[in-house]
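Visitor: Sharing a structure here in structure tokens format.
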Ligand SMILES: Nc1ncnc2c1ncn2[C@@H]1O[C@H](COP(=O)(O)OP(=O)(O)O)[C@@H](O)[C@H]1O
Ligand SMILES: [Mg+2]
């Protein structure tokens, strides 16, 4: 009981803390299960993946990953027997299913598209958002409130509601199925979020710092660069993650506006199912790889993110 | 190293924000090597005055010169002044060293790193913050932060220093220490300082001259002694002195011999004498301050404060008599302007009052 007497009245009791921890762990488990399942499915063979009851213990196989990155064709047993011995481990893996590798699949290319479009539009949205937010925060802008409302109002409907006009416009402008077109589109959707989030962060940086820099012999631009940006980096990191998550996961526009050239990973991954039966391990492998950049980016910016998302509450 | 005549001059400077006149037709010269303190309550226009001098605001009318150069419209970077802000004084993402080196690395100076390091260490030694140079600026106590802020101003060796209540966020003890140190450094360097505060104690101890600001106007400027003993108005008289000056109707305490037109008489609490004859008074409160005691009395319907030595014990409810030290009364007219008391010999005070404005 001596422990209870030394804790602050604002602190929850030890049992309360344990209960809270239990809830958090339970919640984490529930949200992790689908992800873990996808990760495991990517390492199963196709029969294991659809086995009933589901297999939790299984022999891991890289078949899903091989299938993800290759195009294959099914051959007759006679043809298979006539082939020279396999030259690599993945050749061997494919031949067990009576198939031969005919070339690389388009997954790597789609994945690259996702990276270019996702990171490109995130960079642009955060860049434009930072400058606009700084302007709105620091200068007397005529009709400031109306402009800010207008910027926010672009998010009041789901972007896909304007799919038809955008589709027509993009066709007319030759932006359909181009990287530039997709970058512009995602930037446009994200920039309003970026302006609003970043304005909140920049508003919280006292003007005195910039003024001190001006008096210390710096120009306004240099003061922005040396004093405002370093202090806004928490907000910039948080904003960048939100923008990236949207652009990375976006499916509907990608499906509608891209096909051959600029298609991103989200509309591509489901197509894998069609190539040679229900290839769940390949889909799961694709999904796993698709998740990695966001996980990596989030972990990289983690210490900023925690402060950024709870902004206002725990600045300083 | 600094320019020959490092002075700040305001000429009929006015700054308005919408309908508010924050600085109203200010004319003031801070001479080379002089420490001028502007004293005024919150909203008097102190910060705005400094911001005008720094170039963070542009005046509506009037001119400002620093070290002989008209800088009325010059951007801050082109003025040779340093600013110590009231709060948020240090860049939080930098260490103490980087904070102090920041002005020297600016495009307008661009010192080489060896010279910067020598200079920063020199100033850090002066301010006794050498041990903290590699600390992040957020990992300092309030007193250390303000020392670094002052250090960041000092490294540049500017023509003039502008200081906006730099000690107001510190606790009393620290404020006192830093005040003494600031004065020492200013005297050592012969620095020109325009310092603003609402703290009369700081004004009295730091200033070569005090300017009293009220609603954007410079009401009076003079040495601390002049401002204290010959205030231009009731307003100025009330700004200095603790406890505040006693304001009584003419005729109270037997003070009937004021000049013509006098309606109010001001008596400093230390000039009130107890128990040696005069009007009858009853003690209603006693505050012991250690070396001194403040006694609040009621006499002929007026409340009177007296500041007496610790030896003179009084008790609440006690009857005594009260009078004032001869020649110390200040007389004010209906508008609160001070009138020359004919019987006293302070004839030259009004001339001093005009000096410097
Ligand atoms: N940027 C501003 N916009 C509008 N009013 C201002 C601004 N800066 C100061 N003021 C007003 O000018 C007056 C003087 O302010 P200030 O110089 O900050 O006083 P002090 O520093 O003596 O407290 C106040 O009434 C204040 O409200
Ligand atoms: Mg102020």
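Each reported figure results from applying straightforward, stated rules to the coordinates on display, with no laboratory input. Please read these numbers as outputs of a predicted model, since none were measured by experiment. Here the Cβ is made from the backbone with ideal geometry for all residues, glycine too, and neighbour counts use every protein chain on show.
Visitor: Obtain the nm distance between the two label points defined at residue B:229 and residue A:17 by a simple spin-label model: each point lies 7 Å from its Cα along the Cα-to-C-beta direction.
Guide: About 6.6 nm separates the two model spin labels.
Visitor: Take the Cβ-Cβ distance between residue A:131 and residue A:24 as r, set R0 to 30 Å, and report the resulting FRET efficiency rounded to the nearest 0.05.
Guide: Working: r = 39 Å, r/R0 = 1.28.
Result of the calculation: an efficiency of 0.20.
Visitor: For A:178, B:13, what ranking results if the residue with the fewest other Cβ atoms within 10 Å of its Cβ goes first? The partial results should precede the final answer.
Guide: Values: A:178 17, B:13 23.
Ranking A:178, B:13 by Cβ neighbours within 10 Å, fewest first, gives A:178, B:13.
Visitor: How far, in degrees from 0 to 90, does helix A:14-41 lean away from the longest principal axis of the Cα atoms of chain A, to the nearest 10?
Guide: For A:14-41 against chain A, the angle is about 40 degrees.
Visitor: Now a separate question. Over segment A:108-271, what is the mean sequence separation of C-alpha contacts under 8 Å (at least six apart), divided by residue count, expressed as relative contact order in percent?
Guide: Contact order relative to length: 42 percent.
Visitor: Next question, about the same structure. Go through B:39-47, A:280-288 and give me the packing order, highest mean Cβ count within 10 Å leading.
Guide: Highest-to-lowest ranking by the protection proxy: A:280-288, B:39-47.
Visitor: Taking a ≥ b ≥ c as the square roots of the eigenvalues of the Cα gyration tensor of chain A, is the shape rounded (a/c under 1.5), prolate (a/b larger than b/c) or oblate?
Guide: Working: a/c = 2.67, a/b = 1.48, b/c = 1.80.
Oblate, since a/c reaches 1.5 and b/c is not below a/b.
Visitor: Counting partner chain Cβ atoms within 10 Å of every residue's Cβ in A:204-214, what's the average?
Guide: Shielding by partners across A:204-214 averages 6.
Visitor: Further, regarding this structure: Which value in nm describes the separation of the simple spin-label points at residue A:51 and residue B:276, placed 7 Å from the Cα toward the beta carbon?
Guide: So the two model labels end up 11.0 nm from each other.
Visitor: Moving on. Once you keep just the Cα pairs under 8 angstrom separated by 6 or more residues, what percentage relative contact order results for segment B:52-135?
Guide: Once divided by the residue count of segment B:52-135, the mean separation gives 22 percent.
Visitor: Quick one: check the C-alpha center-to-center distance for segment B:177-206 versus segment A:232-261, whole angstrom.
Guide: Comparing the Cα centres of segment B:177-206 and segment A:232-261, I get a distance of 56 Å.
Visitor: In deg cm²/dmol and to the nearest 500, what is the mean residue ellipticity at 222 nm of the protein assembly as shown if only DSSP H runs of at least 4 residues count, each as -39500 (n - 2.57), divided by the residue total?
Guide: -13500 deg cm²/dmol
Visitor: Shifting gears a bit: Can you put A:88, B:89 in order of Cβ neighbours within 10 angstrom, beginning with the fewest?
Guide: Ascending Cβ contact count within 10 Å gives the list A:88, B:89.
Visitor: Specify the inter-centroid distance of segment B:310-342 and segment B:250-288, based on alpha-carbon positions, in whole Å.
Guide: After rounding, the separation between the Cα centres reads 3 Å.
Visitor: Kindly identify the protein assembly as shown as rounded, prolate or oblate by the Cα gyration tensor criterion: order the square roots of the eigenvalues as a ≥ b ≥ c, call it rounded if a/c is under 1.5, otherwise compare a/b with b/c, prolate if a/b is larger, else oblate.
Guide: Prolate shape, in that a/c is at least 1.5 and a/b is the bigger ratio.
Visitor: Next question, about the same structure. Remind me, relative contact order of segment B:232-314 in percent, using alpha carbon pairs under 8 angstrom and six or more residues apart?
Guide: It rounds to 25 percent for segment B:232-314.
Visitor: For peptide B:85-95, compute the average count of partner chain beta-carbon atoms within 10 Å of each residue's beta-carbon. Display every interim value, and only then the final one.
Guide: Values: counts 6, 1, 2, 7, 3, 2, 8, 7, 7, 3, 0.
That works out to 4 on average.
Visitor: What FRET efficiency, computed as 1/(1 + (r/R0)^6) with R0 = 45 Å and r the Cβ-Cβ distance, is obtained for residue B:172 and residue A:115, rounded to the nearest 0.05?
Guide: Working: r = 60 Å, r/R0 = 1.33.
In this case the efficiency is close to 0.15.
Visitor: Then there is this: Cα axis of helix B:113-127 to longest principal axis of chain B: angle in degrees, 0 to 90, nearest 10?
Guide: 20
Visitor: What does DSSP give for chain B in terms of the percent of beta bridges that are antiparallel, rounded to the nearest 5?
Guide: Numbers: 52 of 69 bridges.
Among the beta bridges of chain B, antiparallel pairing accounts for roughly 75 percent.
Visitor: Let me know the mean shielding of B:99-105 by other chains, meaning the per-residue number of their Cβ atoms within 10 Å of its Cβ.
Guide: Shielding by partners across B:99-105 averages 3.
Visitor: How high is the FRET efficiency between residue A:59 and residue A:89 when r is their beta carbon distance and R₀ equals 22 Å, given to the nearest 0.05?
Guide: Approximately 0.90, to the nearest 0.05.
Visitor: May I pose another question? If each residue's Cβ is checked for other Cβ atoms within 10 Å, how do B:175, A:110, B:65, A:302 rank with the fewest at the top?
Guide: Listed from fewest to most nearby Cβ atoms, that is A:302, B:65, B:175, A:110.
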